[in-house]
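Colleague: After the structure tokens below, expect a handful of questions from me.
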Amino acid sequence: MISNGARISRYVLLGFLAIAIVAPACWAQPEAGAVERPGAGPPSIVLKPALVWDGSGEARADWIVVVRGNRIEAVGPRSGLTLAEGARVIDLPGATLLPGLIDAHTHMLLHPYDEAAWNDQVLKESLALRVCRATNHLRSTLLSGFTTVRDLGTEGAGYADVGLREAVEQGIVPGPRLLATTRAIVATGSYAPKGFAPELRIPQGAEEADGVDALIRTVRDQIGKGADWIKVYADAAMGGGAVRPSFSLEEMTRIVETARSAGVMVAVHASSKEGMRRAALAGAATIEHGDSGDLEVFKLMADRGAALCPTLAAFEASARHRGYRPGEDPEPPRLKHSRAVFKLALESGVTIVNGSDMGVFAHGQGARELELLVDYGMTPRQALEAATSTAARILKLDERLGSIKPGRLADLVAVRGDPTRDVKALRQVVLVIKDGQVHRAP
């Protein structure tokens, strides 16, 4: 007589045998609608633009780009590439395909000052409101062709940029790849909001720290909480006076050394010549704005390997806020000064990286910075390099981004026309692919 336990074991064994016999046949069947052979990997996307500009050199006609998964699989003349059967083909007649654009100076948690003053955003808008608004900023920026941004400070929103970065990485919200700097580091009394009674302690838009020990601790704390970069304000208008350095060279150097030992680079806001000089000597990777730069300090930056993010669009936005109408009004002295300074930067040979200060002006309008780079003296191709291959190199992303080459991440943008001849073509975005995912298509 067979026991109940033995009978159950026999049934279980027979069940496993049936699965072993039937399952392989089931697994071998292709899914309904499958376009490629099983085991061939993710389906391909074939992009057929009029021109391909790969991040340097001349744009090439009659080239195609093949994307598989999140990588660029092949690039070259149409006649020389064999396409996988069933690949998705996206025709882009009259369009130029180029690497996804990079903006190295943005503020996703700010919105234009003609909508709300900076003080009001920092002191009156809740963190939840600012984060919700930032998700719209992320989407607008991505759809305008910028697939990577460095966010240079949350301006009173703490570590919200780290959360935004994670939300994009996890696919919760669409947006560009985001490098977070969290809370900018400033000397006590040098930042804002200001204009309140001195006995009041007003929340600041950045993190105050003074002295070598406190600065080391602050840098380590920010990196521990998720900062990809460290941002420091080298100078400020203390007490309403002229813009002067707020950190010593020793303090700046120790900030850079501490960050570098953790594999993190430092961006420095500097408006004064001396602030720029100290930032370059300390080893900053990028210097932001550079309002008072001259030939001497720009050459120092070039010698020390510090790149310049000029933020020309922010200067223009500030002038617009005061009533300036480009093309209709005479150029204000502030913009004439920026134009002269930028000419010196070009003459010096310092590396120019596209950085617009987007957030001061509307998100999704980042192409304006490239238009101004050209208007101020760069060629369209030089401006495009500043927003692709050069930006990727300075941000240490050039092994993955900034060019159209096999093996690179599939961050790709197509625009109507030829931006290597007329940079304004960047306003006519028809395709956006980030990390292999199509976010915008004809």
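Just so it is clear, none of the values below were taken in a lab; they were calculated from the coordinates. If you're wondering where the values come from, they're calculated on a predicted model, not measured in any experiment. Cβ: placed from backbone, ideal geometry, glycine included. Neighbour counts: every protein chain shown.
Colleague: Would you mind computing the Rg to Rh ratio of the range 314-442 from its alpha-carbon coordinates, Kirkwood style for Rh? Write down the numbers at each step before the final one.
Modeller: On the way: Rg = 16.0 Å, Rh = 16.1 Å.
Over the Cα atoms of the range 314-442, Rg/Rh equals 0.99.
Colleague: Another question, then. Quick one: Debye curve from the alpha-carbon atoms of the range 164-213 only, equal weights, vacuum; give me log10 I(q)/I(0) at q = 0.14 Å⁻¹ to two decimals.
Modeller: Debye output, listed in q order: -0.57.
Colleague: Further question on the same structure: Helix hunt in the chain: which complete DSSP H runs extend at least 20 Å axially by C-alpha with mean Kyte-Doolittle at least 0.5? Don't skip to the end; give the middle numbers.
Modeller: Numbers: long enough: 4-27 (34 Å, 1.24); 127-143 (24 Å, 0.41); 333-348 (23 Å, -0.29).
Membrane-span-like by this criterion, though nothing is claimed about a membrane: 4-27.
Colleague: Run the numbers for S261 and E115: contour at 0.36 nm per residue of separation, minus the present Cα-Cα distance, in nm.
Modeller: Values: separation 146, 0.36 × 146 = 52.56 nm, distance 4.07 nm.
Extra length available between S261 and E115 comes to 48.5 nm.
Colleague: Here's a follow-up. So which of K231/K424; K225/K299; K231/K299; K299/K336 end up more than 25 Å apart, counting from Cα to Cα?
Modeller: On the way: K231/K424 31 Å; K225/K299 35 Å; K231/K299 22 Å; K299/K336 21 Å.
Violating the 25 Å limit, Cα to Cα: K231/K424; K225/K299.
Colleague: How long are the three semi-axes of the equivalent ellipsoid for the range 101-365, computed from the Cα gyration tensor as the root of 5 times each eigenvalue, in whole Å, largest first? Don't jump to the answer; show the numbers that get you there.
Modeller: On the way: eigenvalues 121, 110, 80 Å².
Three semi-axes, in Å: 25, 23, 20.
Colleague: Among the chymotrypsin sites (Phe, Trp or Tyr not before Pro) in the range 176-277, which ones are in a DSSP loop with at most 16 other Cβ atoms within 10 Å of the Cβ? Mind listing them?
Modeller: Details: sites: Y191, F196, W229, Y233, F247; in loops: Y191, F196, F247.
Loop-located and lightly packed - F196.
Colleague: Among A206, A367, S56, flag the residue with its Cα farthest along the positive direction of the charge dipole of the chain, charges on Cβ as +1 for Lys/Arg and -1 for Asp/Glu.
Modeller: S56
Colleague: Another question, then. Please identify the trypsin sites (Lys or Arg not before Pro) of the range 251-343 that satisfy two criteria: DSSP loop assignment and at most 16 other Cβ atoms within 10 Å. Which are they?
Modeller: On the way: sites: R254, R260, K273, R277, R278, K299, R304, R320, R322, R334, K336, R339, K343; in loops: R322.
Answer in residue order: R322.
Colleague: From a point 7 Å beyond the Cα of K194 in the direction of its Cβ, which residues of the range 95-130 have a backbone N at a distance under 14 Å?
Modeller: 119
Colleague: Something else now. Eigenvalues of the Cα gyration tensor times 5, then square-rooted: what semi-axes does that give for the range 146-229, in whole angstrom, largest first? Intermediate results must be reported in sequence, preceding the final value.
Modeller: Numbers: eigenvalues 150, 49, 18 Å².
Ellipsoid semi-axes (Å, largest first): 27, 16, 9.
Colleague: Let me ask you something else. If you keep only loop residues by DSSP, which trypsin sites (Lys or Arg not before Pro) in the range 173-246 have at most 11 other Cβ atoms within 10 Å of their Cβ? Walk me through the numbers on the way to the answer.
Modeller: On the way: sites: R177, R183, K194, R201, R217, R220, K225, K231; in loops: R183, K194, R201, K225.
Sites meeting the loop and neighbour criteria: R201.
Colleague: Further, regarding this structure: Relative contact order, percent, of the chain when contacts are C-alpha pairs under 8 Å separated by at least 6 residues? Could you put the intermediate results ahead of the total?
Modeller: On the way: 926 pairs, mean separation 80.5, N = 442.
With pairs under 8 Å counted, the relative contact order is 18 percent.
Colleague: Based on other C-beta atoms within 10 Å, arrange C309, C132 from fewest to most.
Modeller: Values: C309 27, C132 10.
By the 10 Å Cβ count, ascending, the order reads C132, C309.
Colleague: Provide the descending list of Cα extents for the chain along its principal axes, expressed in whole angstroms.
Modeller: Result for the chain: principal-axis Cα extents of 98, 61, 40 Å.
Colleague: Can you tell me the alpha carbon radius of gyration of the range 131-191 divided by the globular rule-of-thumb value 2.2 N^0.38 Å? All intermediate terms of the calculation are to be shown ahead of the outcome.
Modeller: Working: Rg = 12.4 Å, N = 61, 2.2 N^0.38 = 10.5 Å.
After normalising by residue count via 2.2 N^0.38 Å, the value is 1.18.
Colleague: Ok, one more. Rounded, prolate or oblate: which fits the range 288-366 when a ≥ b ≥ c are the square roots of the eigenvalues of the alpha-carbon gyration tensor, with rounded for a/c under 1.5 and prolate only if a/b beats b/c?
Modeller: Here the range 288-366 falls in the oblate category.
Colleague: Apply the Debye scattering formula to the range 235-394, with a single equal point scatterer on each alpha-carbon and no solvent, then give log10 I(q)/I(0) at q = 0.11 Å⁻¹.
Modeller: -0.44
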